[in-house]
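S.K.: Dumping the structure here so I can ask a few things about it.
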Amino acid sequence: MGKTYKIAVMPGDGTGPEVVAEGVKVLRAASAKFGFQLDFTDFDYGGERYKRTGEVLPANAVSELSKHDAIFLGAIGHPDVKPGILEKGILLYLRFALDQYVNLRPVILYENVETPLRNKGPAEIDFVVVRENTEGLYAGAGGVLKKGTPDEVAIQESINTRKGVERCIRYAFEYTRKRNKRKKVTLCGKTNVLTFAFDLWERTFYEVAKEYPDIQTDYAHVDATCMWMVKNPEWFDVIVTDNMFGDIITDLGAMIQGGMGIAAGANINPSGVSMFEPIGGSAPKYTGKNVINPLAAIGAAQMMMDYLGEAAAAQAIEKAIRQVVSTKIKSLSAGKMGYSTTEVGDLVVAAL
Ligand code: IPM
Ligand code: MN
């Protein structure tokens with residue numbers, strides 16, 4: 001008998017529960033096929049719980065989640081709750097508290113998926129963004145003075161520590177080696193303007209690079225990165241960048257790979273508890289309609305298998321996703337797939 005993994009499931013808000021259910025369905029099928037056990041525990045953290053109890057997270061949330069091997073998250077964000085409360089109080093809080101210092105976001109265009117980039121296909125769109133996930137502008141440093149007056153001052157500082165930057169960059173090099181594709185890491189920064197923060201990033205990047213003579217290095221400013229992602233996405237293999245830039249370029253990445261319906265991500269603490277999520281939001285307008293695309297969540301489940309060391313299961317899930325995408329589904333957009341949410345989950349299970 002294989003190993004048993006304890007998985008914390010946080011379906012969250014909006015369409016989160018619907019896509020997570022399909023992810024769990026695929027995970028159960030994979031565990032049966034590959035001979036390991038999954039022990040799921042549900043956590044109701046999200047907008048509904050907040051409305052009911054008035055607390056974003058219970059005091060024991062981190063200690064409870066820490067008892068698991070991984071966390072599977074649907075979506076956080078509720079139309080009745082002021083933007084920022086749940087995002088900061090749950091999603092960002094957990095990323096920080098669990099020290100998930102890498103946000104890994106693959107940008108892969110599957111066969112037969114429509115991309116807005118003319119003349120680009122699966123051979124050209126195949127890279128991964130390693131986004132720093134615990135520092136930068138997201139650290140919440142700063143403050144406000146004289147709020148609401150004509151003299152108001154708002155300061156939001158980007159925190160970049162040598163340790164935080166170095167561990168993220170090192171992860172990117174290790175990942176590039178393991179991925180073994182173009183063997184190139186591009187640092188995405190803004191060294192021409194953010195001369196303190198990205199000076200640290202740049203020096204650290206080239207210092208760490210010396211330990212990886214087999215990996216080619218490259219640098220692009222964030223604005224140029226956006227340009228090249230559209231014009232020459234084939235130049236990229238692994239991009240490493242800070243939290244804010246990573247947030248922005250991965251939405252662009254999601255669009256060129258066919259949309260939020262397929263974009264998955266992993267919040268990784270290599271020596272702790274990692275959290276896997278579809279990177280799109282809670283999509284409230286599609287809630288309960290059985291039309292949302294669950295493939296991003298299934299992709300996140302696949303990344304979880306890879307992270308847990310069940311490589312064969314991860315590869316099989318990826319193959320099943322590819323097969324369903326290229327031979328069955330009409331479009332990756334909600335309501336246009338030609339199948340319901342649950343049917344897409346069933347198709348992936350059948351392909352497995
Ligand atoms: C993401 C999201 C979050 C972020 C929001 C919801 C706080 O946009 O995961 O990319 O900015 O990191
Ligand atoms: Mn984002």
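S.K.: Rounded to the nearest 5, what % of DSSP beta bridges with both residues in the stretch 73-230 are antiparallel?
M.R.: Expressed as a percentage, antiparallel bridges in the stretch 73-230 total about 70.
S.K.: Can you give me the distance in nm between label points at S63 and A154, each placed 7 Å from the Cα along the Cα-to-Cβ direction?
M.R.: Between S63 and A154, the label points sit 3.7 nm apart.
S.K.: Whose amide H sits under 5 Å from the amide H of A141, counting only residues 5 or more places off or on another chain, with H placed in the peptide plane?
M.R.: Amide H neighbours of A141, under 5 Å, 5+ apart: E157.
S.K.: Taking K51 as the anchor, which aspartates and glutamates have their alpha carbon closer than 13 Å to its alpha carbon, excluding any fewer than eight residues away along the same chain?
M.R.: Hits, sequence-local ones excluded: D13, D80.
S.K.: Summing Lys, Arg as +1 and Asp, Glu as -1, what charge do residues with Cβ under 14 Å from the Cβ of T4 carry, T4 excluded?
M.R.: +1
S.K.: Count neighbours as other Cβ atoms within 10 Å of each site's Cβ, and list the trypsin sites (Lys or Arg not before Pro) in the stretch 1-99 that are DSSP loop with at most 11 such neighbours.
M.R.: Here the sparse-neighbourhood loop sites are K67.
S.K.: Follow-up question, since we're still on this one. Within the stretch 111-154, list the trypsin sites (Lys or Arg not before Pro) lying in a DSSP loop whose Cβ has at most 10 other Cβ atoms in a 10 Å radius.
M.R.: When the trypsin sites (Lys or Arg not before Pro) of the stretch 111-154 are filtered for loop state and at most 10 Cβ neighbours within 10 Å, R118, K146, K147 remain.
S.K.: Same structure, new question: Grab the stretch 85-197 and count how many Lys pairs have their alpha-carbon atoms under 21 Å apart, sequence gap of 8 or more, or different chains.
M.R.: Number of lysine pairs found: 5.
S.K.: Turning to a different aspect of this structure: Tell me the carbon and sulfur percent of the accessible area for the chain, rounded to whole percent, probe radius 1.4 Å.
M.R.: 53 percent
S.K.: Accessible area per residue, 1.4 Å probe, Å², for the chain: what's the number?
M.R.: Heavy-atom SASA per residue in the chain reads 44 Å².
S.K.: So how strong a dipole does the chain carry about its Cα centre when Lys and Arg Cβ are +1 and Asp and Glu Cβ are -1, to the nearest 20 debye?
M.R.: Result for the chain is approximately 500 debye, rounded to the nearest 20.
S.K.: Using Cα pairs under 8 angstrom and six or more residues apart, how large is the relative contact order of the stretch 165-252, in percent?
M.R.: Reported relative contact order: 41 percent.
S.K.: Would you mind computing, in nm to one decimal, how far apart the modelled labels at Q37 and E343 are, each placed 7 Å from Cα along Cα→Cβ?
M.R.: Those two pseudo-labels are separated by 3.7 nm.
The values are calculated or read from the model by the stated rules, or taken from the named source; none is laboratory data. From a predicted model like this one, the values you see are computed outputs, not experimental measurements. Backbone-built Cβ (ideal geometry, glycine too); neighbour counts: all protein chains shown. Note: areas computed on protein heavy atoms with side chains; ligands, DNA, RNA excluded. Shrake-Rupley method; radii C 1.70, N 1.55, O 1.52, S 1.80 Å.
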